[in-house]
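Colleague: Got a structure here, written out as structure tokens. Questions coming.
FYI, it's all coordinate maths here, none of it is from the lab. These figures come from a predicted structure and were not determined experimentally. Heads up, the Cβs are rebuilt from the backbone with ideal geometry, glycines too, and the neighbour counts pull from every protein chain shown.
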Amino acid sequence: MSKIKLESPLIDQPEARTGNNGPTNAGVTLVERSFLGHIMLRGRSDDAAFLAACARVFGVEPPTAPNTYAEGNGAVIGWMGPTEWLFMVDSEARAAWLDALREALADVHAGVVDLSGGQTTIGLEGSHALDVLAKGSTLDLHPRVAGAGFCTRSLLAKSAMFLRVIETGHRFEIVVRRSFADYLWQWLVDASGEYGLRILPAESSLALAGLDVAAPRAAATA
């Protein structure tokens, strides 16, 4: 049986694959993190059995505080909504994570869906990374508001995205749908040009923020 060939949605952007030899002191650095595992998890944040089952696999419970993400066992899990989370893992670990989650949640009201082929991830960092984001988004990403561990769904240059802050004010990660990836990449390249742009060769490893705290819990409501 022939092996399925993986192809990045940025296949028509050669610099996204090989890099551009830009200056090391560039104000903006871009890199595609291709072929990562993207797993959508659905469940109830007030279901103790669901949270406990996830924690057995992940190491900590999924975050229930809005706009936060957690890290555990080499994976990232981001809050997408009251009943929805996005797992991100290295490409090689995707199948094992899917099996582990489905087994752990077999007797729990939950859903696990593999979205890996429909999305890609773009890393954005540098002293002017915030300036680039400000050109295409109305989000307030000032360090006093959005520190490491912050995530959100929003629009960037009219494209839907999931944004994660890895290093406060400096390093970000953008998850974008496959059909918008080429457009958004070209927009980012253009928006970054005035600051000096360095493009790194594509990589397939997950970026971690090194969070050393358990996933935040949502505040109790009366």
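Colleague: Rounded to the nearest 500, what is the chain's calculated 222 nm mean residue ellipticity when only DSSP H runs of at least 4 contribute -39500 (n - 2.57) each, over all residues? Each step should come with its number before you reach the end.
Modeller: On the way: 5 runs with 50 residues, N = 222.
Helix contribution divided over all residues of the chain: -6500 deg cm²/dmol.
Colleague: When the Karplus curve 6.51 cos²θ - 1.76 cosθ + 1.60 is applied with θ = phi - 60°, which whole-Hz ³J(HN,Hα) does each residue of the stretch 134-151 get, with x for Gly and Pro?
Modeller: Residue by residue, the stretch 134-151 yields 5, 5, x, 9, 9, 4, 8, 10, 4, x, 6, 10, 10, x, 4, x, 8, 8 Hz.
Colleague: Oh, and also: Within 10 Å, count the other beta carbons around each residue, average over each peptide in 21-27, 110-116, 128-134, and list them highest first.
Modeller: Details: 21-27: 12.9, 110-116: 15.6, 128-134: 19.6.
Taking the mean over residues of other Cβ atoms within 10 Å, the ranking is 128-134, 110-116, 21-27.
Colleague: Report the residue, chosen from 75, 16, 96, that carries the largest GNM mean-square fluctuation when the chain is represented by alpha-carbon nodes joined by springs under 10 Å.
Modeller: Comparing 75, 16, 96 in the GNM, the peak value goes to 96.
Colleague: Looking at the chain as a GNM with Cα springs under 10 Å, which of 101, 156, 139 has the largest mean-square fluctuation?
Modeller: Sorting by GNM fluctuation, first place goes to 139.
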